[in-house]
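Okay, structure first, notes after.
The values are calculated or read from the model by the stated rules, or taken from the named source; none is laboratory data. Quantities reported herein were computed from a predicted structural model and do not represent experimental measurements. When we count neighbours, we look across all protein chains shown, and the Cβ atoms used for this are built from the backbone with ideal geometry, even at glycine. Ligands, DNA and RNA are excluded from the accessible area calculation, which covers all protein heavy atoms including side chains. Shrake-Rupley method; radii C 1.70, N 1.55, O 1.52, S 1.80 Å.
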Amino acid sequence: MAFLRQLRIPSGLMYKSTLIIPSHSRHWMHKLAAVGVLTSPKVNDNYQPGQLFLHRFFGYRGVVLYRWPASLFDRDEENMIHAKEKDRDHQSEKVIYYQVLVDQRDAPHVKMQRDSITFLGNSAEEPLYSLPGFDYLSHDDILPYDTADKQPIKHNFFNKFFEVDERNGSVSFNPRESLKSWHDKNHHFLELSAVYRCVTNDLRVTVLPFYMGSRNFVAKEEDVHYYWWRYCVRIENLGNIPVRLVNRHWIIRSGNNLEEVHGRGVVGMMPVLNPEEPAFQYSSHISLKSSSGHMWGNFQFDRLDGLGNIFCRIPMLSLSSK
């Protein structure tokens, strides 16, 4: 089945006979082009490197790099409220997530912060640096498709990681040795081992933490050892009432220290979540002097029907240096 897509409204995917991809301009004129043919989503099997897809929520085009088996900790379960802390990280199920390249033509038009992989630098002046255009998806996020286009994804790493295979009269994309080498070299920064999720008031929050490593930094003539994590947060409105995220509240525990962080919105934004565009995603970082800790909190939303505000919990996640 071929399919239609219009990137000006990324979440408004229309599936008919052709996939519509516009050439964007500052006047939002559209030049439509057929892109590919939808294939059946895999139910009992995993996607392989080189699989092209549309993101089910954000609508961008991408390609699978490799998969990560992870433990899903569903903080929705009623017994989690009363569970002893030492037991909380032992109640999980196994899930598959994928690391992917994001087509950079689509990135400006989707309702998510431009995601990237973050690495530790070697100085206090530049402690972090990143590579844009990478994301992590659950198995259900993927809508696979095939194409005859030999350059279906615009990303600086696409040709570095994949080569075109035109055997049997079709076009596919095989991983190069450079993809495996890059994966092996950066495994420590890329690994996803745990996913945390909960639902409150029809708002679902999913958090993916990544341990990045540790460094000694000199600050105010003091040599301090810090442990760093990146965390990716997706917020989804599962209901029919439009809401705007207005405040965040994080609680961070590390050793004997307890810190609270309050702020307006997230990453300088106050995203609106409605039935047409129900999801938003962003990433941030945290550094601790301890090798482990925990984070949790809540988001506050204004209801856009004028009936006050609501809160949703941020699931407790474990920060581990492995």
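Separation of the alpha carbons by more than 23 angstrom is noted, of Lys185/Lys322; Lys111/Lys322; Lys160/Lys185, for Lys111/Lys322.
Taking other residues whose beta carbon is less than 12 angstrom from the beta carbon of Gln300, and scoring Lys, Arg as +1 and Asp, Glu as -1, yields +4.
Based on C-alpha pairs under 8 angstrom that are at least 6 apart in sequence, region 93-252 has a relative contact order of 16 percent.
In whole Å, what is the distance between the alpha-carbon centres of region 251-305 and region 95-116? Region 251-305 and region 95-116 have Cα centres spaced 20 Å from each other.
Pick out, in residue order, every one of the trypsin sites (Lys or Arg not before Pro) in region 202-285 that is DSSP loop and has at most 12 other C-beta atoms within 10 Å; say none if there are none.
Of the trypsin sites (Lys or Arg not before Pro), the ones in loops of region 202-285 whose Cβ has at most 12 other Cβ atoms within 10 Å are Lys220.
Using R₀ = 41 Å, calculate the FRET efficiency as 1/(1 + (r/R₀)^6) where r is the Cβ-Cβ separation of Ala34 and Asp223; round to 0.05. Please report the intermediate quantities before stating the final value.
On the way: r = 59 Å, r/R0 = 1.44.
Efficiency for this residue pair is about 0.10.
Probing with 1.4 Å while keeping every protein chain in the model, the per residue accessible area of region 181-322 equals 46 Å².
Inter-part distance, region 53-75 to region 138-191, computed on C-alpha centroids, equals 14 Å.
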